[in-house]
Structure formats: structure tokens, C-alpha cells
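Single-structure report; data block below.
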Amino acid sequence: MSQRERILEAIRESSDGLTCEELEERLGIIHRSVTPRVGELTNAGLIKNSGLKRPTKSGSTAAVFVVCAEGEIVPIVKSDKPKPQVKISASPQAFWSDIRRRLHAHVARQTNTIDAGQLQKAYREFEVDLRDCVDRFVKKVSQMKAPKQEPVSRRKLRDACHTLQVDLPAIGAVVDGANAKRNYRRIVRLYHPDVSRQGDKEASRAMYEAAVDAYETIEQYNSTLLSKEKTNDEPRQET
């Protein structure tokens, strides 16, 4: 029996609900495992916060959770707190594990009476279909063309080089990228709003933003110039 199932069963058997601390003591599960499982069961609509609180050993109070009645719809309480940004792992294994976990939480009500082998087979079939959708989506995105960028004007390039204290190159020549990057990092470390020790915060922010814009301008200029050179160097096919 999984931790989720054990926690749900314990709350179901309790006549007056249980707190997370009481679940830890009753089931012998550590706090950092109980709290996430309670959250998952709450999100799945299997348990709910009863609105009651009981004292804990530390002297504070904790919410009492009870099982939702059959067919009960738990209202979603809106919070003024900003929602955390969703982080997508670069690891394919973590990505698919997260998909399976979220899917299991979504269909938790129906999975109690389904054979475990059949459930795993359904998951595998779903993942095959989803992988196909993801592959087609990635292919579609890869075929999209980036928006055409306006060429960097000489005046804008001159201002960017001045901001990052690098030499303005001759027409048709690239900017010294290594020097620009080195000066950019130095300026950012000095004027970043979160770490700057300068007295005028607004002036520091302006210097920081100017450095960011200047570095992006130089990168765009160099990238465009090098792309043109590569295109010109490619051998033309005879017709």
C-alpha cells in the first residue's frame, strides 16, 4: 500500500479527522513525506480541510483533514499570492515521471477499483500517444521561422560599444565579443539592483539595463554579420 493510500485510509478510519502531525505519529511517516501526500489527496478531491484546528506538540495549531463525502465538490479557495512558475525539468525521465504523477492525482478517484496491471498498461498506452503528440509539436515548432530582426544601425552599435567600453569596429567587422562579454559581466555585477552598493538605486538600475541592452545589441550585430559571411562563403550550385 502506497503512502497516499495509507494516509487516505487513516483519515477515513478516524471519526474526527487527523492533522499532519497525527498522521506522522500514527503511520510512522516523516513530515516531509506526509505534507506532499496530503496536498495531492486534497487536490484530487479525496480529502479536505475541515476548517477545524487542533493543538500540536510545539504549541501551535494544525488543520484537521477529513474525507470528502461521495459526490462532494470541494470549492477552490482563491489566493492573492502569486502562483509559482512551473519548472520543467530538462531530464526526459523526470518529465515523464511528473506527467504520470499528475495524471495519477487527477484520476485518483477512479483508480481505487482498477486492477494495477491494467492501470500500468493504460499509463504506457497514454505515454505512447502523448510522446507522439510531443514529437509532432516539437517538429512543428522547429519548422517555425524566427521573426526577422531589424539590422543594427551604426549609431546604435556605437552607443552599445560606448556603454560596454569596447572599440567600435570598422564597417563590416565584428565587435570584440570576448572583451564585450568581460566588460558586460563587470558592469552587471557592479550595478545589479539586488547586489549594488551604490547609493542611487534608480541610477544603478538604469546602468544595469543599459548594459543588458548594449550586450544584446552587440550579440545581434555580430550574429547577423557572421551569418551573412557564412552565407556568402557557401558554394553556389550550378544550374
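Here are the numbers:
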read-out	value
Condition check for K145: modelled with pLDDT of 75 or more and under 29 Å from the mean Cα position of the chain (by Cα)	no
Selection from the stretch 128-172 of residues that are part of a loop (DSSP other than H, G, I, E, B) and in contact (Cβ under 8 Å) with a residue 40 or more places away in the chain	Q149, P151, V152, L164, V166, G172
The stretch 100-120 residues that are farther than 13 Å from R4 by Cβ and at pLDDT 70 or above, paired with ones that are assigned to a helix (DSSP H, G or I) and among the β-branched types (V, I, T) (beta carbon under 8 Å, 6 or more apart)	L119/T111
Those helices (runs of 4 or more DSSP H) lying entirely in the stretch 1-43 with at least 2 residues of a type in the set (D, E)	3-13, 20-27
Members of the stretch 173-182 found to be assigned to a helix (DSSP H, G or I) and either touching a Ser or Thr at 6+ places or on another chain (Cβ under 6 Å) or free of Cβ contacts under 8 Å to residues at least 40 places away in the same chain (or both), listed by number	A178, N179, A180, K181, R182
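The values are calculated or read from the model by the stated rules, or taken from the named source; none is laboratory data. Since we're looking at a predicted model, the values are computed, not measured. Counting neighbours? That spans all protein chains shown, and the Cβs are built from the backbone with ideal geometry, glycine included.
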